[in-house]
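Encoded as structure tokens, the structure appears first; notes follow it.
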Amino acid sequence: MASSSPRPARPLLSAVVPFLNEAANLPRLITELEQVLSPLGLEWELVLVDDGSRDDGLAVAKQELQQRPGLRATLLSLSRNFGKEAALTAGLEAARGDVVVPLDADLQDPPELIAPMLEQWRQGFEVVYAVRRRRAGESPTKRLTAFGFYRLMGRLSSTAIPADTGDFRLMDRCVVDALAQLPERSRFMKGLFAWVGFRQTAIHYDRDARQGGASGWTYWKLWNFALDGITSFSRVPLQVLSGGGLCIAGLALLYGAWMVLRTLVFGIDLPGYASLMTAVLFLGGLQLIGLGVLGEYLGRVFEEVKRRPLYLVRERWEQPASPNLSMGQS
Ligand code: UDP
Ligand code: MG
């Protein structure tokens with residue numbers, strides 16, 4: 001893999017924003033990005049990915065871009081809602097920057113952090129990820145499940161996935177190219193970001209509540225997201241199955257031997273309905289859970305072998321940089 005090349009003095013930065021029903025937030029996001037990025041003395045482009053929004057987000061995005069003819073931009077509209085991970089992948093593939101920063105459209109990832117991230121990148125880091133110190137405006141359940149999930153992932157996965165870290169990060173071109181080489185359909189981005197490695201460092205921030213609109217994540221989506229994460233980065237559930245099976249079989253063998261012995265010594269006595277039922281139901285339950293876990297993995301294998309594209313683009317819209325305006329005024 002490319003080792004850290006000398007940093008260009010005037011890098012091109014791509015801000016990649018997947019959005020779903022964020023019409024209310026897009027104008028503010030673009031304004032803030034402009035304010036934060038233009039004094040930095042670099043060139044930048046905006047990559048917007050409309051993940052099948054049902055509001056007029058696409059029209060709003062187009063209008064905002066047209067109002068800024070100097071802004072270099074790519075707008076992708078996916079053919080339907082493919083989910084944030086797929087939309088983000090689409091955006092990363094469209095980005096041409098020397099450095100790439102994925103951001104949420106709801107301003108929960110503060111653009112002000114890009115400057116300190118760039119600083120770290122100039123020091124030689126290839127990935128600078130933002131760690132959330134505090135999460136405002138999220139329900140206790142969401143915080144608790146997020147906390148539990150990150151800790152569980154930490155235990156289960158052999159790839160160290162930084163806790164409390166979203167997709168908000170600054171990546172060097174070599175990292176984005178590495179991500180593009182990963183062929184899997186199930187894009188658990190946090191995990192993939194960690195898996196590719198490179199020199200990584202963290203900066204910390206307090207995460208604000210989303211600006212407007214509603215989170216596109218339902219608990220059902222989050223549950224599947226968690227399962228995706230665990231099954232693509234850990235085989236521990238399968239090992240628990242075989243380990244648990246072995247233990248229970250061992251105990252059953254001992255118990256069986258004891259019963260044979262007891263029958264030989266004391267003769268046959270029939271009572272035992274309760275223990276029999278308990279054993280049958282307990283083992284039946286365990287087997288169903290086992291099948292379920294196998295099914296989760298098998299289902300994902302099925303998704304992978306189908307090799308369907310990750311996303312489909314309905315419309316691609318480019319706004320070239322106009323040479324006199326794009327150089328930014330530093
Ligand atoms: N998003 C998306 N597709 C989806 C769900 C969300 O592109 O299916 C976008 C959303 O518009 C936002 C980002 O992903 O820009 C993060 O979503 P959200 O704020 O709902 O997540 P949270 O901050 O609650 O984790
Ligand atoms: Mg959000």
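On average, how much accessible surface per residue is there in the range 250-302, in Å², for a 1.4 Å probe, leaving out ligands, DNA and RNA?
On the way: 4500 Å² over 53 residues.
For the range 250-302, the per-residue accessible area is 85 Å².
Computed from the alpha carbon atoms alone, the convex hull of the range 36-83 holds 93 Å³ per residue. Across q = 0.17 Å⁻¹, the range 1-158 modelled as identical point scatterers on its alpha-carbon atoms has Debye log10 I(q)/I(0) values of -1.12, in the order of the q list.
How large is Rg/Rh for the range 90-224, to two decimals, with Cα atoms and a Kirkwood Rh?
Numbers: Rg = 14.9 Å, Rh = 15.8 Å.
Expressed as Rg/Rh, it is 0.94.
Remark: relative contact order (the chain) = 26 percent; criterion is Cα-Cα distance under 8 angstrom and separation of 6 or more residues. Residue-normalised convex hull volume from the C-alpha trace of the range 156-266: 201 Å³ per residue. Computed with the Debye formula from one identical point scatterer per Cα of the range 1-53, without solvent, the log10 of I(q)/I(0) at q = 0.13 Å⁻¹ comes to -0.44.
Comparing THR218, THR231, THR159 in a Gaussian network model of the chain where C-alpha atoms under 10 Å apart are linked, the largest mean-square fluctuation is found at THR218.
Taking label points 7 Å from Cα along the Cα-to-Cβ direction, ALA202 and VAL236 give a separation of 1.7 nm. Taking the alpha carbon gyration tensor of the chain, multiplying each eigenvalue by 5 and rooting it gives semi-axes of 50, 20, 18 Å, largest first.
For the residues ARG143, ARG68, a 1.4 Å probe over the protein chains yields an accessible-area ranking, largest first, of ARG143, ARG68. Excluding same-chain neighbours fewer than eight residues apart, the lysines reachable from LYS142 by a Cα-Cα span under 20 Å are LYS84, LYS190, LYS221.
Percent of Cα pairs in the range 264-324 per distance bin of 10 Å, from zero to the largest separation: 14, 18, 16, 15, 12, 9, 6, 4, 3, 2.
Sorting SER158, SER53, SER232 by accessible area (1.4 Å probe), largest first, what list results?
On the way: SER158 115, SER53 25, SER232 45 Å².
The ranking, largest first, comes out as SER158, SER232, SER53.
On the beta carbon distance between THR278 and ARG155, with R0 = 25 Å, the FRET formula returns roughly 0.25. For the chain, carbon and sulfur atoms together expose 63% of the accessible surface, with a 1.4 angstrom probe and every protein chain in place.
If the chain linking TRP220 and VAL265 were pulled fully straight, counting 0.36 nm for each residue of separation and taking away their Cα-Cα distance, it would gain 10.6 nm.
So what does the Cα-only Debye profile of the range 60-115 read at q = 0.14, 0.24, 0.29, 0.30 Å⁻¹, as log10 I(q)/I(0), no solvent term? So the normalised log intensities work out to -0.47, -1.35, -1.34, -1.31. Where is the GNM fluctuation largest for the chain (alpha-carbon springs, 10 angstrom cutoff): ARG173, ARG316, ARG80? Among ARG173, ARG316, ARG80, the largest mean-square fluctuation in the Gaussian network model of the chain belongs to ARG316.
Rounded to the nearest 500, what is the 222 nm mean residue ellipticity of the chain from helices alone, with -39500 (n - 2.57) per DSSP H run of 4+ residues and division by all residues? The partial results should precede the final answer.
Working: 11 runs with 159 residues, N = 330.
After summing the helix terms and dividing by the residues of the chain, the value is -15500 deg cm²/dmol.
The values are calculated or read from the model by the stated rules, or taken from the named source; none is laboratory data. Source: prediction; values computed, not measured. Ideal geometry is used to build each Cβ from the backbone, glycine not excepted, and the neighbour counts take in all protein chains shown. The area values use the complete protein model at the heavy-atom level, side chains included, leaving out ligands, DNA and RNA. Shrake-Rupley method; radii C 1.70, N 1.55, O 1.52, S 1.80 Å.
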